[in-house]
């Protein structure tokens with residue numbers, strides 16, 4: 001098999017950990033596999049560099065940040081290659097440029113446009129283990145770019161796709177994907193298998209095991225992923241295409257997100273184009289709106305619009321909305337930052353009815369009021385008062401039988 | 001003027017220092033100059049990375065070391081560019097690759113083959129200050145290389161030559177080149193001006209203000225250098241072509257080197273090819289022999305050969321010499337590692353007679369025995385007992401009138 005193994009920051013967080021990673025890679029190679037390694041920066045390294053930059057400037061140029069931050073992964077790639085050679089395993093490190101990871105010009109959040117990977121293939125043919133510095137690429141004009149937080153996951157998935165790897169293993173400090181946050185629900189179970197779609201919903205809800213874009217990329221190119229711990233030999237969670245087995249399970253996981261705030265615009269005149277005007281202004285400021293609910297008023301002439309934005313963007317969003325309230329002649333706006341979003345996710349929802357009803361009943365039976373609802377094919381999210389978050393997560397985890405063996 | 005400014009590790013050793021460097025660069029720009037900046041890694045950073053590698057492996061592959069060590073300069077280049085932008089001065093960082101510093105394949109001690117510097121010239125044309133990561137280059141096949149200890153000096157000089165800069169300023173933590181080590185002779189004087197040849201002798205004698213190869217490069221391409229402190233506004237020492245003024249001064253400086261050991265082979269049969277055989281074997285092990293003295297024996301049939309090698313290479317050298325002693329049928333060998341070399345340097349020696357005699361008299365008058373002598377056009381070196389080093393340096397500094405205004 002050709003296996004791409006990606007090791008996150010805590011997995012290469014010290015010299016001892018880097019040696020342990022090398023042992024694992026060497027073992028995988030000895031078992032008869034071809035291995036490609038992708039590494040993140042040593043834990044804390046990227047944050048240290050960011051704090052250096054912020055000490056100098058509140059808004060350092062993105063291009064310079066990319067050159068700065070790409071250094072961390074180069075260091076861990078070189079050290080990992082040194083550790084492999086020390087074990088007698090031929091290994092050679094590659095930067096994003098040497099791998100031929102070509103991105104667009106969006107510094108600090110570049111998108112991969114293509115990967116040549118010629119040197120990686122050549123190294124594999126010669127029996128070397130390529131060790132790739134994650135998180136980074138290069139533009140057509142030879143500028144260094146980075147792929148945004150968690151970008152090393154994306155490097156690993158994209159390299160897997162380019163090489164046609166049989167498996168992409170994402171090594172992290174948790175043992176896999178859980179039915180919910182084990183710090184809230186101790187009975188939370190590790191999932192053996194989950195679909196790309198479910199993983200995507202979980203990732204976008206803030207479950208930090210995988211970066212959203214890397215899941216999208218894996219889904220698009222059908223790269224089988226495994227999320228597992230570099231601190232143990234347990235098998236982890238397989239992220240693959242949806243299959244019939246998965247549909248038998250109605251709900252795979254319960255997620256929550258406390259990082260949103262709600263803005264409501266009161267009595268907006270109900271004319272076409274109003275919502276477009278509002279959300280375009282917000283999008284222009286790069287604020288990502290998550291949920292939107294519009295309640296048509298009883299006389300059909302005015303409407304209330306509520307939506308959620310990430311907490312750090314609240315002040316900026318309010319500023320924009322205040323302008324629009326004036327412009328549209330709405331009655332005013334209200335802000336609520338004591339909210340949380342709880343969600344249930346599962347591909348089985350598509351074929352099972354009554355899932356939403358059971359969710360609402362469960363919350364109601366615990367006296368939890370639902371403020372907003374949004375649904376997708378495989379997810380139902382409810383906005384509730386923040387203080388009920390843990391109670392709601394435990395109740396839903398229980399109600400959908402997630403603690404029992406699935 | 002087009003000025004290349006190189007800042008060493010202590011000059012960019014902290015965020016505060018980097019800000020101070022940016023202030024100085026901005027000031028030079030405001031004074032109407034075009035400025036190109038070359039930076040070393042922050043002080044301690046390179047040593048930290050080396051210790052990481054050594055923790056993993058006693059002999060890490062050179063190629064991997066180069067990727068590892070080149071990171072330090074990238075970080076300080078990005079941070080310096082950020083600091084300049086924060087001051088409202090347009091600046092852009094470049095890696096060795098982006099500058100087009102093409103080297104041979106000798107990892108960890110690569111030699112520069114050529115510099116394209118197109119992007120640097122373009123940045124200058126657009127009014128930007130290019131900030132270049134020192135110490136690094138790239139091979140024709142796109143491998144990252146480093147230029148050896150002090151390699152950022154070489155980057156600065158080579159970039160100066162490529163751009164036809166009017167001046168290359170080397171900023172360090174000392175105020176310039178001194179007549180001798182001020183810790184031994186408090187009256188040591190900073191030189192206003194020194195020739196490339198003298199600087200070269202001083203550098204090769206271990207005066208650490210400039211890397212030897214960068215002086216050779218500056219001499220070859222007639223790049224005017226200034227060595228000065230980034231911690232003060234004092235003018236520093238100008239390193240330029242020899243001129244008539246310089247010849248008036250007999251001796252410009254006194255240097256010493258305690259890092260050598262002496263090996264003597266006793267009664268070697270006096271046949272052609274013996275010395276060649278001996279020194280080829282030593283050179284094959286990459287040991288640099290400094291001084292060689294051969295005393296022909298009185299009967300003309302045997303000879304004693306003495307030579308000095310760097311202290312860290314002594315054991316290895318002795319091993320080689322023992323073999324050769326057997327092979328040649330010499331009487332044996334003796335080792336002396338309690339030696340030091342003191343040297344006087346000056347282009348004026350060429351036109352002044354009696355300099356060597358005065359040196360020997362001075363040492364003799366202090367009861368210092370001379371064990372070996374070697375001379376060049378602008379340098380006389382004597383090997384003496386190590387315990388007399390400070391006494392000899394002070395006496396010579398005095399005898400050649402270096403404490404007085406030159």
Item to complete: Please specify each residue of the stretch B:103-118 satisfying the condition of being in a strand (DSSP E or B) and in contact with a helix residue (DSSP H, G or I) (Cβ under 6 Å, 6 or more places away or on another chain).
Response: B:112, B:115
Discussion item. Suppose we filter B:129, B:112 for residues that are away from every other protein chain (no Cβ under 12 Å) and crowded, with 24+ Cβ neighbours inside 10 Å; which single one remains?
Written reply: B:129
Practice prompt. Scan B:350, B:387 and give me the residue that is surrounded by fewer than 18 Cβ atoms within 10 Å (Cβ to Cβ) and out of contact with any helix residue (DSSP H, G or I) (no Cβ under 9 Å at 6 or more places or on another chain).
Written response: B:387
Discussion item. Would you confirm, using the coordinates I've provided, whether residue A:325 is in a strand (DSSP E or B) and more than 26 Å from the chain's Cα centre (by Cα)?
Written reply: no
Discussion item. Against the definition (surrounded by 12 or more Cβ atoms within 10 Å (Cβ to Cβ) and at pLDDT 85 or above), how does residue B:297 come out, yes or no?
Written reply: no
Fill in: Failed criterion for residue A:335 (all others in (1) in contact with a helix residue (DSSP H, G or I) (Cβ under 7 Å, 6 or more places away or on another chain); (2) loosely packed, with under 13 Cβ neighbours inside 10 Å; (3) under 30 Å from residue A:269 (Cα atoms) hold)
(2)
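Every residue, every condition in (1) outside any loop (DSSP other than H, G, I, E, B); (2) touching a residue at least 40 places away in the same chain (Cβ under 8 Å); (3) more than 22 Å from residue A:341 (Cβ to Cβ); (4) out of contact with any strand residue (DSSP E or B) (no Cβ under 8 Å at 6 or more places or on another chain), yes or no:
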| position | (1), (2), (3), (4) |
| --- | --- |
| A:209 | no, no, no, no |
| A:228 | yes, yes, yes, no |
| A:242 | no, yes, yes, no |
| A:247 | yes, yes, yes, yes |
Worksheet item: Do we find a residue being over 21 Å from residue A:386 (Cβ atoms), in a helix (DSSP H, G or I) and modelled with pLDDT under 85 anywhere in the stretch A:333-350?
Response: yes
Worksheet item: Restricting attention to the stretch A:263-289, which residues are free of Cβ contacts under 8 Å to residues at least 60 places away in the same chain and in contact with a helix residue (DSSP H, G or I) (Cβ under 9 Å, 6 or more places away or on another chain)?
Response: A:271, A:274, A:277, A:278, A:281, A:282, A:284, A:285, A:286, A:287, A:288, A:289
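Name the helices (runs of 4 or more DSSP H) wholly within the stretch A:37-102 that hold at least 3 residues that are surrounded by fewer than 24 Cβ atoms within 10 Å (Cβ to Cβ), facing chain B (nearest Cβ under 10 Å) and touching a residue at least 24 places away in the same chain (Cβ under 8 Å)?
Counting at least 3 such residues, we get A:62-86.
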Worksheet item: When you go through (1) surrounded by fewer than 24 Cβ atoms within 10 Å (Cβ to Cβ); (2) under 23 Å from the mean Cα position of the chain (by Cα); (3) outside any loop (DSSP other than H, G, I, E, B) one by one for residue B:10, which number turns out not to apply?
Response: (3)
Worksheet item: Among the residues of the stretch A:298-318, is any touching a strand residue (DSSP E or B) at 6+ places or on another chain (Cβ under 6 Å), within 23 Å of residue A:370 (Cα to Cα) and part of a loop (DSSP other than H, G, I, E, B)?
Response: no
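A quick yes/no check of all residues on (1) surrounded by fewer than 17 Cβ atoms within 10 Å (Cβ to Cβ); (2) outside any helix (DSSP H, G or I); (3) over 31 Å from the mean Cα position of the chain (by Cα):
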position	(1), (2), (3)
B:256	no, yes, no
B:261	no, yes, no
B:272	yes, yes, yes
B:281	yes, no, no
B:286	yes, yes, no
B:289	no, yes, no
B:293	yes, yes, no
Worksheet item: Does residue B:34 qualify as being touching a strand residue (DSSP E or B) at 6+ places or on another chain (Cβ under 6 Å) and either under 24 Å from residue B:125 (Cβ atoms) or surrounded by fewer than 24 Cβ atoms within 10 Å (Cβ to Cβ) (or both)?
Response: yes
Worksheet item: What number of residues within the stretch B:211-225 are assigned to a loop (DSSP other than H, G, I, E, B) and more than 15 Å from residue B:167 (Cβ to Cβ)?
Response: 1
Worksheet item: When the stretch B:368-383 is examined, which residues are found to be within 21 Å of residue B:183 (Cβ to Cβ) and more than 23 Å from the chain's Cα centre (by Cα)?
Response: B:368
Item to complete: Please work out which residue is farthest from the other protein chains (Cβ to nearest Cβ), limiting yourself to the stretch A:136-161 and to residues that are surrounded by fewer than 24 Cβ atoms within 10 Å (Cβ to Cβ), over 13 Å from residue A:66 (Cβ atoms) and touching a helix residue (DSSP H, G or I) at 6+ places or on another chain (Cβ under 8 Å).
Response: A:161
Discussion item. Restricting to the stretch A:126-162, give me the number of residues that are assigned to a strand (DSSP E or B) and under 14 Å from the mean Cα position of the chain (by Cα).
Written reply: 0
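The values are calculated or read from the model by the stated rules, or taken from the named source; none is laboratory data. The shown structure was predicted, so the numbers you read here are calculated from the model rather than taken from an experiment. Cβ sites come from the backbone with ideal geometry, for glycine too, and all protein chains shown count toward neighbours.
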